[in-house]
1. When you go through (1) of a type in the set (A, V, I, L, M); (2) exposed (fewer than 14 other Cβ atoms within 10 Å of the Cβ); (3) farther than 21 Å from Pro278 by Cβ one by one for Ala182, which number turns out not to apply?
2. From the list Thr122, Thr139, Thr149, which one is more than 21 Å from Thr214 (Cα to Cα), among the hydroxyl-bearing types (Ser, Thr, Tyr) and without any contact (Cβ under 8 Å) to a residue 60 or more places away in the chain?
3. Looking only at the stretch 161-173, decide whether some residue is crowded, with 21+ Cβ neighbours inside 10 Å and in contact with a Gly (Cβ under 9 Å, 6 or more places away or on another chain).
4. Within the stretch 240-250, count every residue that is free of Cβ contacts under 8 Å to residues at least 60 places away in the same chain and within 21 Å of Val167 (Cα to Cα).
5. Taking Val121 as the residue in question, decide whether it is buried (at least 21 other Cβ atoms within 10 Å of the Cβ) and in a strand (DSSP E or B).
6. Checking the conditions here, which among Lys237, Lys253 is under 22 Å from Phe163 (Cα atoms) and either modelled with pLDDT under 95 or not assigned by TED's automatic domain parsing to the domain that holds Ile132 (or both)?
Amino acid sequence: MATDDGSFGYDQSLELCKSEDQYLASLVEKEDFKWFENRGQELRKLTKSKDIYARIDGVRYTTCRSNPKTADCRSPKGYLYVTDNVYYPQKVWYNISLSGSSWKLTYTTSSLCPSNYNTYVTYADGRQNCVIILWSNMTVGGYQNVSDTTCKQFGGTLPTLNFPIDVDVFTYLANLFRNNFAASEFYIRIDGVRTKSCQSNPNSTACLTPEGFTFTDPNFLNSFQQYDWVTNAGAKKESDDNCLVLVYPNTTKFMQVDVRSCTTKGTLQSLGMLCAKPAFT
């Protein structure tokens, strides 16, 4: 893919990087140019016979091409998306500036998710959410308000079900960690508490909609379209059955939603909880 004189054009370099399952990290060390693949394994060494340059990403903005020496144009900035981290991909935010005749590079890093989160979800619109499941090793469950506070301590909120992938991932995590729970049947707390006005008449038309509940998840789409109910949003057996939960084990493809105790009333207990937070926050 090199040009006639043996060099690589920018577009050619991009295509080469896209088509090869490798990355280039080049440097000039003493009088040698080194070609690296797969995290620094040296493949071959070329003796430098003349000045050479290595292609990296970065194309000058059109507005800077006619006057590249303005302050903004002399300070390239952006981020690299690094995927070979131990836990999660990272963004490396960089700022390159020229001071006199010297270049200065500063950078900060941001992980997609904290290392104590279990996984992350990528949505069709490009947004990403980090997800963690927490459980009790006792047979008595946790209160809804305690679960809400715990999620905040993890930097997140109890999640809602906006897309099919949400309940898919939640079901996957429940099955993955099922042996850590103290019972084989239980509830998992998610976001949603029935409003006071609907607690006395939960089956009224308005109370069967999202308007009948309060939510803390800022990303909730205000729709129950992805909620597969055991009965419906008006379910209520115990006096404080006012909190949304996922029911485990799932008897359908994914866990279903029910309205159960906000405390510890009832035979089955809320032994688990889910927390979610936007990626890179």
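The values are calculated or read from the model by the stated rules, or taken from the named source; none is laboratory data. Just so we're clear, the structure is a prediction, and the values are computed from it rather than from any experiment. FYI the Cβ positions are ideal-geometry reconstructions off the backbone, even for glycines, and counts take in every protein chain you see.
1. (2)
2. Numbers: Thr139 fails: without any contact (Cβ under 8 Å) to a residue 60 or more places away in the chain; Thr149 fails: more than 21 Å from Thr214 (Cα to Cα).
Step by step, each of Thr122, Thr139, Thr149 is checked, and only Thr122 is more than 21 Å from Thr214 (Cα to Cα), among the hydroxyl-bearing types (Ser, Thr, Tyr) and without any contact (Cβ under 8 Å) to a residue 60 or more places away in the chain.
3. Within the stretch 161-173 (the criterion being crowded, with 21+ Cβ neighbours inside 10 Å and in contact with a Gly (Cβ under 9 Å, 6 or more places away or on another chain)), the answer is no, since none of the residues qualifies.
4. Here the count works out to 3.
5. Criteria not met by Val121.
6. Details: Lys237 fails: under 22 Å from Phe163 (Cα atoms).
Residue meeting the stated conditions: Lys253.
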